[in-house]
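*Asks:* Attaching a single structure in structure tokens format; questions to follow.
The values are calculated or read from the model by the stated rules, or taken from the named source; none is laboratory data. Not measured: the values here are computed from a predicted model. All Cβ positions, glycine included, derive from the backbone under ideal geometry; neighbour counts span all protein chains shown. Surface accessibility is based on the protein's heavy atoms, side chains included, excluding ligands, DNA and RNA. Shrake-Rupley method; radii C 1.70, N 1.55, O 1.52, S 1.80 Å.
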Amino acid sequence: MVTRGPTAPRASLFTKYFLALFAAAVGPLLVAGGSEAWFGYRDQRDRLSDLLDSEARLAAFKIQYFLQGISDQLEWMVQLPWSAGADERRRLDGLRLLRQVQPVMSLRLVDGAGRERLSVSRIGLNRVESGDDYSDDPAVIGATAHGAWFGPVIFQGGSEPFMTVAVAGNRSATGVAIAEVNLKFIWEIISAIHVGRTGEAFVLDAPGRLVAHPDISLVLRADDASARPLQLLRSAIVARPGQAAAGRDTGGTAVMAAMAPIPMVEWSVIVKQPVAEAFGPIHAALWRTGILLVAGTFFAALLAYWLSQRMIGPIHQLEDGVARIGAGQFDHRIRLATGDELERLAGRFNRMAGELAVSQERSERIGRLRRFLAPQVAELIERSGDERVLDGRRVEVVAVFCDLRGFTAFSAQAQPETIISVLGAYYDAVERVIAMYEATLTSFSGDGIMALVNAPVACPDPAQRAVSMARAMQGCVQGLLVDWRAAGHELGFGVGLAMGPATVGRIGSEGRLDYTAVGHVVNLASRLCASAKDREILLDRTVARAVGGTVDLIELEARPLKGFTRHVPVFAIDTQRHEVLGDRASAVIGDRELQAGAAADSGGGTIR
């Protein structure tokens, strides 16, 4: 496929911006005349509507973000079910939440039965396992029913606004977290909003009660009659969505107002400005229009030219930077200092490049780990960022070796495509079993495979897990052997296991490192595998003792093994008793039923 380069633009961006800016500046001047009053009024109304709307949305976003942040923090407190007795960890988590989230004045944790298990406060006494019943508390009932509950606004001490926030866990056993939140932050947001000289904002709840206002006395009064004009103003805004609406405030002054909702608590943020102030500039503008008409045309041309040049340069830099990042140069950074949206866009591209570089490094790192670790183990090490478990150390492991019987003769006669196909299916089946039992695959060598259990990540009862994994391997590979033998390939499969101390870690050169094990137990498992016949799983004495009470074993005659001066005691799994398991494991390779089947077969047994 031939990749075509970007087509040349039909008109330069400079020309488009120049013409657009020139027309935008000159056009209103040319049509000023008799229509100036009307169009000026409409333009001012639209600008005012946008300004009021943006201020309202910004305030609503800040309040929503403030409440959502507290809700998210409370949700982390109810992730795990409660256990019997005091939970020191939850107490420390609660104190940490008070330290990190300043608006939260107190926190109560209630279990699934509605009993208080923990209470921490900035101003009161902390309690642990008080057992007080809060099952009928509106906060508990509301959070249990809807996941999160926000109570009405109250004023403590006649000045500080407070609200109760409750969040329930995703399971009933985790209980509910209840926090008393200081809403002074919301009052500060509303008090900081100033549109023009006298424009201001306020907040109403769903029934129309005043929640926040720069004049705190109006809120403390809690008088429905005084809030009635504000309720009517909100109704006028709702009747004209997307536009500023006219109305009167509590002092009877005509105002223009816009509104933004806060869905989480069903509040409304309303920003208003007196009409006289909002449209005062229109009257002065009519007197200046005639004088500015000629001068404005010339100035508009110069301004359009300057702005166009100022915008085109950074856009070219963005285009070049995006092309470099798209080509894989994730270390490239776009340097812009325009102080506007283009600089913020460049910053976002730079952050994207950094995140892509981190993502690429993480993918490569996981890929390296997955070469010899089970996927879930590789993900665990990558998330923790601690690879010290891969450092060299001496631990007790179960070494598992397996290979195909008759593979040398088969590889000398079969076609290369057939050999590759057989090895591919064989490796895939065995690797799935190893990953399922969370063992560590250390090497492929021809038809031979080596795996470790209990390293680098320790596991309970490694011998039992290794035996179950070996039986699952036999079941899977025997299923493949049926088809291969039907095609005329005389192959078999044997497994050898040995348990004991070994030196494990990353071994290799500077350019390549592999995780493996070295020691007597590795050599013994390899020799047992070489001595095993088709369908046989041979164990050393240590593994046999570890699983003898749960697996039926047959004690064979001691055998002379290469590299060992004495005859080595050898044990074999009673394959006749466990043949049914092999058939079922072969049928469900890749499915979780394999693990269930292996676990089900770990019942009682004896050594014979």
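*Asks:* Given 165, 195, which one is within 25 Å of residue 251 (Cβ to Cβ) and crowded, with 20+ Cβ neighbours inside 10 Å?
*Replies:* From the options 165, 195, the qualifying one is 195.
*Asks:* Sticking with this one: Suppose we keep only residues that are farther than 24 Å from residue 404 by Cβ and basic (Lys, Arg) within the stretch 520-554. Which one would you say is surrounded by the most Cβ atoms within 10 Å (Cβ to Cβ)?
*Replies:* If we take residues in the stretch 520-554 being farther than 24 Å from residue 404 by Cβ and basic (Lys, Arg), then 541 is surrounded by the most Cβ atoms within 10 Å (Cβ to Cβ).
*Asks:* Among the residues of the stretch 398-412, is there at least one that is open to solvent by less than 50 Å² (accessible area, probe 1.4 Å), hydrophobic (A, V, I, L, M, F, W, C), modelled with pLDDT of 85 or more and in a loop (DSSP other than H, G, I, E, B)?
*Replies:* Pass one, the stretch 398-412, residues open to solvent by less than 50 Å² (accessible area, probe 1.4 Å): 398-407, 410-411.
Right, trim to hydrophobic (A, V, I, L, M, F, W, C) and you get 398-402, 404, 407, 410.
Narrowing the set further to residues that are modelled with pLDDT of 85 or more leaves 398-402, 404, 407, 410.
Right, trim to in a loop (DSSP other than H, G, I, E, B) and you get none.
No, that holds for no residue.
*Asks:* Could you name every one of the strands (runs of 3 or more DSSP E) located completely within the stretch 222-280 that has at least 1 residues being at pLDDT 90 or above and either out of contact with any Asp or Glu (no Cβ under 6 Å at 6 or more places or on another chain) or buried (at least 18 other Cβ atoms within 10 Å of the Cβ) (or both)? Let's see the steps before the verdict.
*Replies:* On the way: elements: 245-248, 254-262, 267-274.
In the stretch 222-280, 254-262, 267-274 are the strands (runs of 3 or more DSSP E) which contain 1 or more residues that are at pLDDT 90 or above and either out of contact with any Asp or Glu (no Cβ under 6 Å at 6 or more places or on another chain) or buried (at least 18 other Cβ atoms within 10 Å of the Cβ) (or both).
*Asks:* Specify which of the listed residues (167, 219) is outside any loop (DSSP other than H, G, I, E, B), at pLDDT 85 or above and in contact with a strand residue (DSSP E or B) (Cβ under 9 Å, 6 or more places away or on another chain). Don't jump to the end; show me each part of the working.
*Replies:* Numbers: 219 fails: at pLDDT 85 or above.
Result: 167 is the single residue among 167, 219 that is outside any loop (DSSP other than H, G, I, E, B), at pLDDT 85 or above and in contact with a strand residue (DSSP E or B) (Cβ under 9 Å, 6 or more places away or on another chain).
*Asks:* Can you say whether residue 161 is in contact (Cβ under 8 Å) with a residue 12 or more places away in the chain and in the same structural domain as residue 111 (by TED's automatic domain parsing), as far as the supplied structure shows?
*Replies:* On the way: in contact (Cβ under 8 Å) with a residue 12 or more places away in the chain: yes; in the same structural domain as residue 111 (by TED's automatic domain parsing): yes.
Judged against the criteria, residue 161 is a match.
*Asks:* All but one of (1) modelled with pLDDT of 80 or more; (2) surrounded by fewer than 18 Cβ atoms within 10 Å (Cβ to Cβ) hold for residue 19, so report the exception by its number.
*Replies:* Of (1) modelled with pLDDT of 80 or more; (2) surrounded by fewer than 18 Cβ atoms within 10 Å (Cβ to Cβ), only one is false for residue 19: (1).
*Asks:* Okay, moving on. Would you confirm, using the coordinates I've provided, whether residue 347 is modelled with pLDDT under 75, in a helix (DSSP H, G or I) and surrounded by 13 or more Cβ atoms within 10 Å (Cβ to Cβ)? Break it down stepwise before answering.
*Replies:* Values: modelled with pLDDT under 75: no; in a helix (DSSP H, G or I): yes; surrounded by 13 or more Cβ atoms within 10 Å (Cβ to Cβ): yes.
Criteria not met by residue 347.
*Asks:* Something else about it: Restricting attention to the stretch 418-455, which residues are over 16 Å from residue 398 (Cβ atoms), among the acidic types (Asp, Glu) and open to solvent by 30 Å² or more (accessible area, probe 1.4 Å)?
*Replies:* 428, 431
*Asks:* Can you tell me which condition residue 266 does not meet? The list is (1) within 18 Å of residue 49 (Cα to Cα); (2) in contact (Cβ under 8 Å) with a residue 12 or more places away in the chain, and all the others hold.
*Replies:* Of everything listed in (1) within 18 Å of residue 49 (Cα to Cα); (2) in contact (Cβ under 8 Å) with a residue 12 or more places away in the chain, residue 266 misses just condition (1).
Quick grid of which residues meet (1) at pLDDT 90 or above; (2) in contact with a Lys or Arg (Cβ under 9 Å, 6 or more places away or on another chain); (3) of a type in the set (A, V, I, L, M, F, W, C); (4) closer than 24 Å to residue 68 by Cβ:
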| site | (1), (2), (3), (4) |
| --- | --- |
| 118 | no, yes, yes, yes |
| 122 | no, no, no, yes |
| 127 | no, yes, no, no |
| 133 | no, yes, no, no |
| 143 | no, no, yes, yes |
| 147 | no, no, no, yes |
| 153 | no, yes, yes, yes |
| 158 | no, no, no, no |
| 163 | no, no, yes, yes |
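*Asks:* Which residue out of 359, 363 is modelled with pLDDT under 75 and of a type in the set (Gly, Ala, Ser)? Walk me through how you get there before you give the answer.
*Replies:* Numbers: 359 fails: modelled with pLDDT under 75.
After ruling out the rest, the residue left standing is 363.
*Asks:* Out of contact with any Leu (no Cβ under 8 Å at 6 or more places or on another chain) and either under 20 Å from residue 143 (Cα atoms) or modelled with pLDDT of 85 or more (or both): is that true of residue 94 in this structure?
*Replies:* Details: out of contact with any Leu (no Cβ under 8 Å at 6 or more places or on another chain): no; either under 20 Å from residue 143 (Cα atoms) or modelled with pLDDT of 85 or more (or both): yes.
Spelling it out, it is not the case that residue 94 is out of contact with any Leu (no Cβ under 8 Å at 6 or more places or on another chain) and either under 20 Å from residue 143 (Cα atoms) or modelled with pLDDT of 85 or more (or both).
*Asks:* I would also like to ask the following. Being in contact (Cβ under 8 Å) with a residue 24 or more places away in the chain and open to solvent by 70 Å² or more (accessible area, probe 1.4 Å) is the filter here; which residues of the stretch 476-506 pass it?
*Replies:* Selection gives 490, 501, 506.
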